[in-house]
Amino acid sequence: MKSVKTRATADLFFPQGLVGYPAWQRFRLVHSPDLDPVAIMESEEDPEVVFFVTRPTLVLPSYAVTITPATREALHLADDEEPAILCILVISEEPFAITANLLGPILFNPLEGIAYQAVLQDSTYSARHPVPIPALTDEAT
Amino acid sequence: MLVLSRRPGEAIRIGDDILVSVIQVKGDRITLGIEAPRDVQVLRCELVEEVAEQNKVASRLPAAAVESFLRVLNAERMGYAAPGNDQDG
């Protein structure tokens, strides 16, 4: 996406990769004023692998994830620290639609970058939650 | 794949740390109990497959979809509401 100006990056490391893709472990999280609050997550193993991500609470304000002690430990989070949470977006055409994967959020330690894609099997969140476009241009949050 | 038959009340041990017990069978539904170390994930397959499938689709967005997305975000940001949107902007 050469036409998009970028501003800041962070590195994410998924020790287990993404669900179904264990080889995709290292990603660069790229922010751009043109896209905020949507960001780009680029694979360092395969530069052609790029995801659009955003904060799930923009898509569903009531979105909540219960972090298990095992996940907290895997992310190197202290008992009182919370992970940052992102969800991956899918854009389809014919008709144009945006969905968010709320079933498989990305949890990460914002300081260390250790990340994990959870599968929230105790929830009823959808892997294809419809996203209204105005939710993605809400800069007030 | 190892295929076994079990009755309610019977169990299967996997490795040293995992135990799968058949708790009850009712019609076409089996209730299983699973004991595993807390760092071992135990997940319903169809949910894992759904997430994997969405990862696959999301990583292969056609260029046209990406372009539409950027255009739509930009238009929204500029306040050009698309026909059919009933938000105030």
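The values are calculated or read from the model by the stated rules, or taken from the named source; none is laboratory data. Note that the structure is a prediction, hence the values are computed from the model and not measured. Don't worry about glycine lacking a Cβ; one is built from the backbone with ideal geometry, like all the others, and counts go over all protein chains shown. Just the protein is used for accessible areas: all its heavy atoms, side chains included, with ligands, DNA and RNA removed. Shrake-Rupley method; radii C 1.70, N 1.55, O 1.52, S 1.80 Å.
Between B:Arg13, B:Arg44, B:Arg60, B:Arg38, which is modelled with pLDDT under 90 and either open to solvent by less than 70 Å² (accessible area, probe 1.4 Å) or under 30 Å from A:Ala74 (Cα atoms) (or both)? Among B:Arg13, B:Arg44, B:Arg60, B:Arg38, only B:Arg38 is modelled with pLDDT under 90 and either open to solvent by less than 70 Å² (accessible area, probe 1.4 Å) or under 30 Å from A:Ala74 (Cα atoms) (or both).
Among the numbered conditions (1) surrounded by fewer than 15 Cβ atoms within 10 Å (Cβ to Cβ); (2) more than 9 Å from every other protein chain (Cβ to nearest Cβ); (3) free of Cβ contacts under 8 Å to residues at least 24 places away in the same chain, the only one that A:Arg72 does not meet is (1). Scan segment A:93-138 for residues that are more than 7 Å from chain B (Cβ to nearest Cβ), outside any strand (DSSP E or B), open to solvent by less than 40 Å² (accessible area, probe 1.4 Å) and not β-branched (Val, Ile, Thr) and the total you get is 8.
Every condition in (1) within 16 Å of A:Ile106 (Cα to Cα); (2) open to solvent by 60 Å² or more (accessible area, probe 1.4 Å); (3) without any contact (Cβ under 8 Å) to a residue 40 or more places away in the chain is met by A:Glu45 except one, and the failing one is (1). Among the residues of segment A:55-67, those identified as exposed (fewer than 14 other Cβ atoms within 10 Å of the Cβ) and either more than 22 Å from A:Arg128 (Cα to Cα) or not aliphatic (A, V, I, L, M) (or both) are A:Pro61, A:Ser62, A:Thr66. Taking the conditions (1) at pLDDT 95 or above; (2) more than 10 Å from every other protein chain (Cβ to nearest Cβ); (3) open to solvent by 70 Å² or more (accessible area, probe 1.4 Å) in turn, A:Thr141 satisfies each one other than (1).
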